[in-house]
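The values are calculated or read from the model by the stated rules, or taken from the named source; none is laboratory data. Because the structure is a prediction, the values reported are computed rather than measured. Here Cβ is always computed from backbone atoms with ideal geometry, including for glycine, and neighbour counts include all displayed protein chains. Calculation scope for accessible area: heavy atoms of the full protein, side chains included, ligands and nucleic acids excluded. Shrake-Rupley method; radii C 1.70, N 1.55, O 1.52, S 1.80 Å.
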Amino acid sequence: MLEMFEYDFMQRAFIAGMIIATLASISGTFVVLRHYSMISETLAHSALVGVAVGLVAGFNPLWMAVLVAIISAWLIEYLRSEFSLYSDAVLAILLSGSLAIAVIIVSLGGAFNNSLFSYLFGSILSVSIEDVYTISIFGTIALTSLLLFSKELYFIAYDEEVAKVSGIKVRLLNFLLVSVVAVIIALSIRVVGSLLIGALMVIPTISALQFKVGFLKTIIISLVIALLSVGSGMTLSFYFSLPSGATIVLCVLTIFIVSLLINRK
């Protein structure tokens with residue numbers, strides 16, 4: 001197994017993958033508790049618009065993905081709060097709209113190549129040292145922001161109306177949460193892919209919830225599941241020449257099924 005670490009690209013991929021697993025599992029806990037699981041898919045498709053713009057216009061696709069994902073996250077929260085739209089309706093609108101825009105941009109620019117394919121489904125070969133630095137720096141900022149307000153975010157997830165009455169700045173923290181999730185998703189698509197990152201953010205938390213333990217233990221279990229899935233997925237991807245993102249998702253799905261069997265009544 002240690003043979004694969006002789007290659008620089010696998011070292012980079014594993015470092016990035018472990019960081020992404022940590023970020024996705026912890027942020028995913030708050031997303032799932034808010035019944036906001038589909039926001040990961042929506043923002044992933046929005047990030048794909050940024051990638052398409054970057055490839056066509058010659059900008060850094062990763063930076064453009066982060067920018068567009070954040071703007072989309074703010075738009076989602078604005079529409080939800082200002083126009084009293086149902087959350088799932090807002091997400092459905094943005095998801096389909098973002099995908100349509102991405103397809104049109106790619107079609108007009110003729111940018112559907114291997115580079116875009118790696119952003120769609122993830123590719124361990126495409127992770128550069130610059131990507132590792134970017135993921136590390138901005139991932140740390142995002143995670144720190146999340147942990148600093150973890151108690152308030154948990155309170156909001158439990159009962160948003162009571163949180164408002166209690167004096168918690170619910171709207172500001174909602175914008176913070178979706179912004180952090182947007183950054184994490186945009187950073188993750190290099191390894192996992194925009195079409196698959198939602199699974200890594202949601203399924204570990206759902207698996208952890210099957211054990212019916214406290215909030216902190218749920219986060220820890222979710223983190224362990226995500227790390228194990230990414231590590232196993234990348235190992236299988238390397239030795240069997242499989243797409244990294246899809247293999248990681250299959251691993252996390254397997255663990256989810258096991259968690260269901262272990263905790264069934």
Using 0.36 nm times the number of residues separating Thr235 and Trp63, minus their current alpha carbon distance, what extension gain do you get?
59.1 nm
If we sort 126-135, 191-200 on the protection proxy, mean other Cβ atoms within 10 Å, highest first, what's the order?
191-200, 126-135
Convex hull volume of the Cα atoms in the stretch 21-179, per residue, in Å³?
109
Could you let me know the centre-to-centre spacing of the stretch 36-60 and the stretch 186-265, using Cα atoms, in angstrom?
22
Residue among Val180, Leu261, Leu236 farthest towards the positive dipole end of the chain, charges placed on Cβ
Leu261
Extended-chain gain in nm, criterion 0.36 nm per residue less alpha-carbon gap, Ile262 and Trp74
63.8 nm
Multiply the residue gap between Ile15 and Phe211 by 0.36 nm, knock off their C-alpha separation, and tell me the result in nm, one decimal place.
67.7 nm
For the stretch 7-196, the accessible surface attributable to carbon and sulfur atoms (probe 1.4 angstrom, ligands and nucleic acids excluded) amounts in percent to 69
Starting from one equal scatterer on each C-alpha and no solvent at all, send me the Debye-based log10 I(q)/I(0) for the stretch 150-203 at q = 0.18, 0.20, 0.22 Å⁻¹, two decimals.
-0.66, -0.73, -0.80
Just the Cα atoms of the stretch 195-265, one point each, no solvent: what log10 I(q)/I(0) does Debye give at q = 0.18, 0.22, 0.28 Å⁻¹?
-0.63, -0.87, -1.19
Cα-based Rg and Dmax for the chain, where Dmax is the largest Cα-Cα distance (Å):
18.0, 57
Pair Leu148, His35: separation of 7 Å Cα→Cβ label points (nm):
3.0
For the chain, averaging the sequence separation of alpha carbon pairs under 8 Å that lie six or more residues apart and dividing by its residue count, the contact order in percent is 30
To the nearest Å², the heavy-atom accessible area per residue of the stretch 7-196 with 1.4 Å probe amounts to 45
